[in-house]
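Asker: Sharing a structure with you now.
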Amino acid sequence: MQSRVTHPGTHLKDVPKAQRSTPRDLTHWLRVCENREQALRRAHVESGISMTALAGELSLSVARVSQLIAHAEASRFAETASS
């Protein structure tokens, strides 16, 4: 059993890739996304940043952040349906 634990690289295969990666912050998403709504959605969904934290960082209400994320989701589904 000890040989399995100390074998280099074995543990990384057992952990899903999404959990191995370092979560990105809102600044990263604002830089790489085409608009603020998409950046908020990706920061919330992919990085797991709470709406409260996003609202605090942008000086918005949590309700407004929720609306922007919902709009980004709707836009995303509309683009997928039209393709």
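Laboratory data are not the source of any read-out in this text; all were calculated from the coordinates shown. From a predicted model like this one, the values you see are computed outputs, not experimental measurements. Reconstructed Cβ throughout: ideal geometry from the backbone, glycine too, with neighbour counts over all protein chains shown.
Asker: Would you kindly calculate the translational diffusion coefficient of segment 25-82, applying Stokes-Einstein with the Kirkwood radius from alpha carbon pairs, for 37 °C and a viscosity of 0.692 mPa s, and quote it in µm² s⁻¹ without decimals?
Answerer: 292
Asker: Based on other C-beta atoms within 10 Å, arrange Ser61, Ser66 from fewest to most.
Answerer: Ser61, Ser66
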